[in-house]
């Protein structure tokens, strides 16, 4: 080295105000092998098909456009949302999202709960290594921790393993279960996440076999299945409320993602009426169901409901305030993606809360972020 | 209406498309078999980049309940976001008679493709 070199202090990072939080982004590994390398043995070495990692594609119901935004394939190859550079361009650049909450749909429920838990564990390690660190120099990604909803002990162990991690800000339960979400089987999970301050998120995660069954039989078409997502979320929601879960765990928060939202209003009318008139069946329920929903539940806006008369979407909300209950989601890179402009359907005073404030509060996220270049 | 150069005919092979910028407006120009089409790249449903979608056909019902016919193969553009379908030739939505995408004339001259916008 010649002469004296003055080392410059790095300039103070400019902070910018967060304006859009997207609570539903689905990253993928570049290949099934990338994820498989994280799966603990014996599950890695035994000859399981890569289908166990594919919870989007389904031999039963095929979503339009193969379930993906057809313009979300990176020029460098790989599945949609596997190339962090290209995804950042679409999500942060074109859509203008500030924070993306990553919900990896890489765990197809399997017959064996231990196997499912192993794939969850692998998914969490993979997400932490890649999208939550290597790809997260800008600090704009947070993630949902995957745990098996079929074995409470295994779920609790996985949550404990990651407790205190700064990036996992909620815990996902696969809603395709054989037990409604309010029942006591899940209570150890709720006890733990309440203590840790982590919301539970339910996100549709198509499962093969009996769990695709509706109460009236198997549907023929994907459109039936997709239209009925709301029903599955409603099943879990009424269970959570009427089992008294929110009395038992007063800090529990539940996020319902990708199940639509307008259904919650007439459902709450019905629940309130039953509780007010003949509440003796459910003495654990101390307050009006709609109040528990208001205090403990948030719903994603995506897939946005599109009544022909836009006003109908707003007029529905006399019982609840959409500006309090809803959080914006794109569902990037999936086919039923919503751009932030869809929030223009809501009254002006609700928009900022839906796009930003509600998620910042719910997940306790910083309201400003460093202005770090993406590339 | 002004004529804008898309490029030489030999650079747009059958089955391919080119999305160009015409005075700030994105226009997709398609060559499907021997025909050319030009449409706005903005889907009227939710603003998706329509011209990056798949070329497809659609289904109509036959005589019996589960009789389905696959028709208009190669004549329909499906939006890459929400899979809305539009006829390449007219811009008319397949499913919603009120929805239409602007279409533009394509002119071939001296080995070049032009679009009139």
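Read-outs throughout are calculated quantities, based only on the coordinates presented, and are distinct from any laboratory measurement. All of these numbers come straight from a predicted model, not from anything done at the bench. For neighbour counting, all protein chains shown are included, and Cβ atoms are generated from backbone atoms with ideal geometry for every residue, glycine included.
Contact order normalised by length for chain A, with contacts defined as Cα pairs under 8 Å and 6 or more residues apart; what percent is it?
Contact order relative to length: 22 percent.
Expressed as an acute angle from 0 to 90° and rounded to the nearest 10, what is the orientation of the C-alpha long axis of helix A:152-162 relative to the principal long axis of chain A?
30 degrees
Taking beta carbons within 10 Å but only from partner chains, what does the mean come to for residues A:70-77?
3
Between residue A:212 and residue A:179, what FRET efficiency follows from the Cβ-Cβ distance if R0 is 22 Å, with the result rounded to 0.05?
0.85
Among the DSSP beta bridges whose two residues both lie in chain A, what percent are antiparallel, rounded to the nearest 5?
15 percent
For segment A:8-135, state the semi-axes of the equivalent ellipsoid (square roots of 5 times the eigenvalues of the alpha-carbon gyration tensor), sorted largest first and rounded to whole angstrom.
Value: 30, 19, 13 Å, ordered largest first.
Can you tell me the orientation of helix A:229-242 relative to chain A, as the angle in degrees between its alpha-carbon axis and the longest Cα principal axis, to the nearest 10?
The angle comes out at about 70 degrees.
Could you work out the mean count of beta carbons from other protein chains within 10 Å of each residue's beta carbon in A:331-340?
Mean shielding count: 2.
If packing is taken as the average count of other Cβ atoms within 10 Å, what order do B:69-75, A:94-100, A:225-231 fall into, highest mean first?
By packing density, highest mean first, the sequence is A:94-100, A:225-231, B:69-75.
Could you list the square roots of 5 times each eigenvalue of the Cα gyration tensor of the protein assembly as shown, that is, the equivalent ellipsoid semi-axes, sorted largest first and rounded to whole Å?
Working: eigenvalues 318, 176, 116 Å².
The answer is 40, 30, 24 Å, longest axis first.
May I ask for the distance between the Cα centers of segment A:316-375 and segment A:154-229, given as a whole number of Å?
22 Å
Helix A:264-278 versus the longest principal axis of chain A: what angle, 0 to 90°, nearest 10, using Cα atoms?
Relative to chain A, helix A:264-278 is tipped by roughly 40 degrees.
Just rank A:316, A:237, B:68, A:202, fewest to most, by other beta-carbon atoms within 10 angstrom.
B:68, A:316, A:202, A:237
Using the alpha carbons of chain B, what is the convex hull volume per residue in cubic angstrom, as a whole number?
Value for chain B: 108 Å³ per residue.
Place the peptides A:141-148, A:215-222 in order of packing, highest mean first, counting for every residue the other Cβ atoms within 10 Å and averaging per peptide.
In descending order of packing, they fall as A:141-148, A:215-222.
FRET efficiency for residue B:33 and residue B:71, Cβ-Cβ distance as r, R0 = 25 Å, nearest 0.05? Intermediate values should be presented prior to the final figure.
Values: r = 16 Å, r/R0 = 0.65.
Once the sixth-power term is evaluated, E becomes 0.95.
With a ≥ b ≥ c taken as the square roots of the eigenvalues of the C-alpha gyration tensor of segment A:62-116, please select rounded if a/c is under 1.5 and otherwise prolate if a/b is larger than b/c or oblate if it is not?
Details: a/c = 2.35, a/b = 1.74, b/c = 1.35.
Here segment A:62-116 falls in the prolate category.
Using per-residue counts of other Cβ atoms within 10 Å, averaged over each peptide, order A:283-290, A:321-328, B:8-15 from highest down.
Packing proxy ranking, top to bottom: A:321-328, A:283-290, B:8-15.
How high is the relative contact order of segment B:3-116? Use alpha-carbon pairs under 8 Å, at least six apart in sequence, and give a whole percent.
The normalised contact order for segment B:3-116 reaches 26 percent.
On average, how many beta carbons from a partner chain sit within 10 Å of the beta carbon of a residue in B:46-57?
The mean count of partner-chain Cβ atoms within 10 Å per residue comes to 3.
For segment B:87-117 and segment B:63-85, what is the separation of their C-alpha centers, rounded to whole Å?
Cα centroid to Cα centroid, the span is 19 Å.
Taking the DSSP beta bridges in segment A:181-302 as the whole, what percent of them are antiparallel, to the nearest 5? Provide the component values of the computation, followed by the final result.
Details: 1 of 8 bridges.
If I count the DSSP bridges inside segment A:181-302, around 10 percent turn out antiparallel.
Within a 10 angstrom radius of the beta carbon, how do B:22, B:115 rank from fewest other beta carbons to most?
B:22, B:115
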